[in-house]
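Beneath this line is the structure, given in structure tokens, with notes to follow.
Every read-out reported here was derived from the displayed coordinates using simple, explicitly stated rules and does not represent laboratory data. Not measured: the values here are computed from a predicted model. Note that we place each Cβ from the backbone using ideal geometry, even for glycine, and neighbour counts take in every protein chain shown.
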Amino acid sequence: MFPNNLFENPDRLNRLIDIAQSSFLPLVKGALLYSVTIALVSFAIGLIIAVFTALARISGIRPLVIIARIYVSIIRGTPLLVQLFIIFFGLPSIGVRLDPIAAAIIGFSLSVGAYSSEVIRAAILSIPKGQWEAAYSIGMTYMQALKRVILPQATRVSIPPLSNSFISLVKDTSLAAAITVPEMFRKAQEIVASTYEPMLLYIEAALIYWVICFLLSILQDRIEIRLDRYI
Amino acid sequence: MIQVRDLHKQFQSLHVLKGISLSVEKGKVVVIIGPSGSGKTTLLRCLNALEIPTSGSVQIGDVKLDFSQKPDRSRIPLLRRQTGMVFQSYNLFPHMTALQNVMEGPVTVKKEDPRKAQSKASAVLAKVGLGDKLDHYPAQLSGGQQQRVGIARALAMDPQVMLFDEPTSALDPELVGDVLKVMKELAQEGMTMVVVTHEMSFARDVADEVIFMDQGVIVEQGPPEQVFRQPREERTRQFLQHLQGRDTP
């Protein structure tokens, strides 16, 4: 009567253990090869976009300020999943055909660039005016002051919020499943399709995400302690 | 060494400097005194273009900027290279050690060889009495020590002129002496200095000339004994009396 009940059907339990074991490696591989790698690459590119966007916002040069604001507004005002669909499924209709991974990296980089630009802008503005003046007083140019004096201090201020962004990004890479990137969540979906065990596979995937994010938060603590040494 | 001609500074409707002219010869120490809001700090900050004057001209050494026309912004760093500035709140770079603070200008701005800059920076720090604090971060130093690092950082650029903006105002009284001592030594070595301060004893002992400013103009200027003992202007007399009243209650 209850052939599917775990506790009355030892075969079913064995089958679940089997699937859990055999799916573990493919999932971890999908996580490391795609989820984490795409997150790292997108975050690096995104931070560069973010610094320039923040500087454009602060510059006070009207056209730059307007461009930066429009960019941030569009990215923040539309869902990431929709952006990914536009890049991967939409662009081919105007002749731009992208590999799924490239499409994912472009989408995630633009997203990180927009959100993190606000963090970096706030961090730069939080550095006291006296630091700029001290840098100028020893003859530095704007770029020298920024690079040697302001950004190193702004980095310290922005580590906690940027760590948040990175951890969110690692989880957001699961959206790339929808544009056929073979990352962990996509892998889980494929295994579900052949085994019909959604509960097991999705919980397994969730656990792997959680472990990765847990390790990342430990890394964040380490970085903060290292940067705290002069405060 | 310093030539200031008819300098005006306006912040919107607020007229902070109303036509300041001033010249300082090489090796002289000029102390600017005056009530708060008199424009003395603004004047000092105009000398190295941290504040851009509304009109008038500033010449330091052979770098002259005329602000009456649209100033050539690319020459502002040149003017700043002629001057060293010491701030009321030190403004040390908190992410660098004392040594790194002092080396930063020579290495980044003057592109000096880091090893040479390091030995020079150590020497300058030793000169201000901090030879044993090279590897301390600002947060690990007292206010007086931080301010002396600030002086060393400015000196390391070999400025023609040193500008001091109330260098001891943020310090505990017992730490003021160390900083003033370093400033006196500098003056004795023939450094050209412009000092905004409330330390009347420093003005009396070290200044070649005292300038009393009020409401954006120079009210009176002259050697310290004249300005302090026989001020010509009623406004100067009131200010000095007020200070004495405060110092000896």
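Of all the listed residues (A:166, A:185), the sole one being more than 14 Å from chain B (Cβ to nearest Cβ), more than 26 Å from residue B:83 (Cβ to Cβ) and in contact with a Phe, Trp or Tyr (Cβ under 6 Å, 6 or more places away or on another chain) is A:166.
Looking at segment B:109-124, which of the residues that are among the basic types (Lys, Arg) and within 12 Å of chain A (Cβ to nearest Cβ) is surrounded by the fewest Cβ atoms within 10 Å (Cβ to Cβ)? If we take residues in segment B:109-124 being among the basic types (Lys, Arg) and within 12 Å of chain A (Cβ to nearest Cβ), then B:111 is surrounded by the fewest Cβ atoms within 10 Å (Cβ to Cβ).
Each row is one residue, and each column tells you yes or no for (1) under 30 Å from residue B:213 (Cα atoms); (2) crowded, with 17+ Cβ neighbours inside 10 Å.
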site: B:107; (1), (2): no, yes
site: B:169; (1), (2): yes, no
site: B:172; (1), (2): yes, no
site: B:180; (1), (2): yes, yes
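Summed over segment A:188-231, residues that are within 14 Å of another protein chain (Cβ to nearest Cβ) and of a type in the set (Lys, Arg) total 2.
Taken together, the residues in segment B:102-121 that are over 30 Å from residue B:64 (Cβ atoms), of a type outside the set (A, V, I, L, M, F, W, C) and part of a helix (DSSP H, G or I) amount to 5.
If you scan segment A:166-187, which residues turn out to be small (Gly, Ala, Ser), surrounded by 21 or more Cβ atoms within 10 Å (Cβ to Cβ) and in contact (Cβ under 8 Å) with a residue 40 or more places away in the chain? Walk me through how you get there before you give the answer.
Narrowing segment A:166-187 to residues small (Gly, Ala, Ser): A:168, A:174, A:176-178.
Narrowing the set further to residues that are surrounded by 21 or more Cβ atoms within 10 Å (Cβ to Cβ) leaves A:176-177.
Matches in segment A:166-187: A:176 only.
Residue A:155 falls short on exactly one of the conditions (1) closer than 30 Å to residue A:17 by Cβ; (2) facing chain B (nearest Cβ under 10 Å), and that condition is (1). The single condition among (1) on the phi > 0 side of the Ramachandran plot; (2) within 23 Å of the chain's Cα centre (by Cα) that residue A:223 does not meet is (1).
Could you check segment B:160-187 and list, in sequence order, the residues that are free of Cβ contacts under 8 Å to residues at least 60 places away in the same chain, within 18 Å of residue B:125 (Cα to Cα) and over 12 Å from the mean Cα position of the chain (by Cα)? Across segment B:160-187, the qualifying residues are B:175, B:176, B:177, B:178, B:179, B:180, B:181, B:182, B:184, B:185, B:186. Scanning segment A:76-93 for any residue that is within 15 Å of the chain's Cα centre (by Cα) and surrounded by 21 or more Cβ atoms within 10 Å (Cβ to Cβ) turns up at least one such residue. Picking from residues in segment B:67-100 that are within 14 Å of chain A (Cβ to nearest Cβ) and aromatic (Phe, Trp, Tyr), the one that is surrounded by the most Cβ atoms within 10 Å (Cβ to Cβ) is B:90. The set of residues from segment B:221-236 being surrounded by 14 or more Cβ atoms within 10 Å (Cβ to Cβ) and farther than 23 Å from residue B:14 by Cβ comprises B:221, B:222, B:224, B:226, B:227, B:228, B:231, B:236.
Selection of strands (runs of 3 or more DSSP E) fully inside segment B:18-100 by the criterion of at least 3 residues being touching a helix residue (DSSP H, G or I) at 6+ places or on another chain (Cβ under 8 Å) and under 23 Å from residue B:187 (Cα atoms) returns B:29-33, B:83-86. Kindly indicate whether residue A:120 is of a type outside the set (Gly, Ala, Ser), within 14 Å of chain B (Cβ to nearest Cβ) and under 21 Å from the mean Cα position of the chain (by Cα). So residue A:120 does not fit the description; no.
Is it the case that residue B:139 is touching a helix residue (DSSP H, G or I) at 6+ places or on another chain (Cβ under 9 Å) and surrounded by fewer than 23 Cβ atoms within 10 Å (Cβ to Cβ)?
Yes; evaluated as a whole, the condition is true for this residue.
For segment B:170-192, the condition of being within 24 Å of residue B:6 (Cα to Cα) and not acidic (Asp, Glu) holds for at least one residue. Scanning segment A:222-231 for residues that are loosely packed, with under 12 Cβ neighbours inside 10 Å and either free of Cβ contacts under 8 Å to residues at least 40 places away in the same chain or part of a helix (DSSP H, G or I) (or both) yields A:222, A:225, A:226, A:228, A:229.
Take segment A:188-215 and flag every residue that is outside any helix (DSSP H, G or I) and loosely packed, with under 15 Cβ neighbours inside 10 Å. If the condition is that a residue be outside any helix (DSSP H, G or I) and loosely packed, with under 15 Cβ neighbours inside 10 Å, then A:196 is the only one that fits. Could you figure out which of (1) touching a His at 6+ places or on another chain (Cβ under 8 Å); (2) closer than 22 Å to residue B:180 by Cα; (3) surrounded by fewer than 23 Cβ atoms within 10 Å (Cβ to Cβ) isn't true of residue B:33? The failed condition is (3). Within segment B:125-176, the set of residues being part of a helix (DSSP H, G or I), within 11 Å of chain A (Cβ to nearest Cβ) and charged (D, E, K, R) comprises B:153 only.
Remark: pairs (first residue in segment A:93-120, of a type in the set (Lys, Arg); second residue part of a helix (DSSP H, G or I); Cβ separation under 9 Å; 6+ apart in sequence or on different chains) = A:97/A:91.
Inside segment B:15-66, residues that are under 29 Å from residue B:243 (Cβ atoms) and within 14 Å of chain A (Cβ to nearest Cβ) make up a count of 9.
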